[in-house]
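Quick notes on the structure that follows.
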Amino acid sequence: MAAKPKTAPRAAKRRSKQSERKTGENVLVVDIGGTSVKLLATGQTERRSFPSGPNMKPEPMVAQIKTTVADWRYDVVSIGYPAPAASGRPLAEPRHLGTGWVGFDFAAAFGCPVKLVNDAAMQALGSYQGGKMLFLGLGTGLGSAMIVDGVIEPMELGHLPYKKGTYEDYVGRGGLERYGRKRWQRHVEKVVARLIAALEPGDTVLGGGNVKKLDKLPRGCRAGSNANAFVGGFRLWEDPAAHPHLVGPRRATAKPAGG
């Protein structure tokens, strides 16, 4: 008698359905930052948030999210994650948060389909207007991503060497606190100019929470907004046929830096 085929584990079934979304389902967008976790859902007009920090781990974060949005309805979740990610999963632990992120099952924790991408990629997607766009996020660190003709490529430019450290050391929050606003702005201008010269984008967007602290934008740049992270989170679940210039669910997977 032939053996019955084995049934796939429940977790595997959940993961296989992560790209499925029925029309009309509500999306909860989770933007994880080094200082706060910001939340917005379909149909809501005001975002909610709570502090993060160097001790925050994924399990208590999910519990806090559920408490914070207990009165919101959502069917699927988009997560902007502040470290490299691929195939909807973290590839590395965040530099500015606690541990335990790699291998954590977000779909099981939320009890619904989840799409997780690098946080800069999610904000870039929400800022995208077509063509070849470079996104740089001035926040706790330096987030970065490129989108070329609708195909998104998360990057880790902030960790490249610069002066006595890295780009992130000089233009992230630590650099702002260490050097003061005027010197920090000069470093931002130099770093942005270098990256534009090297990558030759047709459009450069400066986003992140600290872009508003610039007296003026570097040449060739337009200002983004943290609100665009929510736009990107909603777009992750859109029908790619309805927006052919955007990344659809199957093309929105973040890739690790360096391939």
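The values are calculated or read from the model by the stated rules, or taken from the named source; none is laboratory data. Keep in mind that what you see is a predicted model, and the values were worked out from it rather than measured. Note that we place each Cβ from the backbone using ideal geometry, even for glycine, and neighbour counts take in every protein chain shown.
It is to be established whether one or more residues within segment 31-47 are among the hydroxyl-bearing types (Ser, Thr, Tyr), over 27 Å from Leu157 (Cα atoms), part of a helix (DSSP H, G or I) and without any contact (Cβ under 8 Å) to a residue 24 or more places away in the chain. Spell out the reasoning first.
Step one: list which residues in segment 31-47 are among the hydroxyl-bearing types (Ser, Thr, Tyr), which gives 35-36, 42, 45.
From what's left, over 27 Å from Leu157 (Cα atoms): 42, 45.
Keeping just the survivors that are part of a helix (DSSP H, G or I) gives none.
Within segment 31-47, none of the residues are among the hydroxyl-bearing types (Ser, Thr, Tyr), over 27 Å from Leu157 (Cα atoms), part of a helix (DSSP H, G or I) and without any contact (Cβ under 8 Å) to a residue 24 or more places away in the chain.
Of all residues in segment 101-110 being surrounded by fewer than 19 Cβ atoms within 10 Å (Cβ to Cβ) and in contact with a helix residue (DSSP H, G or I) (Cβ under 9 Å, 6 or more places away or on another chain), which is nearest to Glu156 (Cα to Cα)? Outline the logic, then answer.
Narrowing segment 101-110 to residues surrounded by fewer than 19 Cβ atoms within 10 Å (Cβ to Cβ): 102-105, 108-109.
Those left that are additionally in contact with a helix residue (DSSP H, G or I) (Cβ under 9 Å, 6 or more places away or on another chain): 104-105, 108-109.
On the way: Phe104: 22, Asp105: 24, Ala108: 28, Ala109: 28 Å.
Among those residues, the one meeting the criterion is Phe104.
Rundown of residues vs (1) among the hydroxyl-bearing types (Ser, Thr, Tyr); (2) within 24 Å of Gly208 (Cα to Cα); (3) assigned by TED's automatic domain parsing to the domain that holds Pro201, yes/no style:
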{"site": "Met61", "(1), (2), (3)": "no, yes, no"}
{"site": "Tyr74", "(1), (2), (3)": "yes, no, no"}
{"site": "Ser78", "(1), (2), (3)": "yes, yes, no"}
{"site": "Pro82", "(1), (2), (3)": "no, yes, no"}
{"site": "Arg89", "(1), (2), (3)": "no, yes, no"}
{"site": "Tyr128", "(1), (2), (3)": "yes, yes, yes"}
Enumeration of residues in segment 49-100 that are outside any loop (DSSP other than H, G, I, E, B), surrounded by 15 or more Cβ atoms within 10 Å (Cβ to Cβ) and touching a strand residue (DSSP E or B) at 6+ places or on another chain (Cβ under 8 Å): Met61, Gln64, Ile65, Val76, Val77, Ser78, Ile79, Gly80, Tyr81, Ala85, Arg89, Pro90
Residues of segment 168-215 being closer than 11 Å to Gly139 by Cβ and among the polar types (S, T, N, Q), in sequence order, are Asn210
Looking only at segment 198-220, decide whether some residue is free of Cβ contacts under 8 Å to residues at least 60 places away in the same chain, part of a helix (DSSP H, G or I) and of a type in the set (Gly, Ala, Ser). yes
Of the residues in segment 120-149, those that are in a strand (DSSP E or B) and crowded, with 24+ Cβ neighbours inside 10 Å come to Leu134, Phe135, Leu136, Gly137, Leu138, Leu142, Gly143, Ser144, Ala145, Ile147
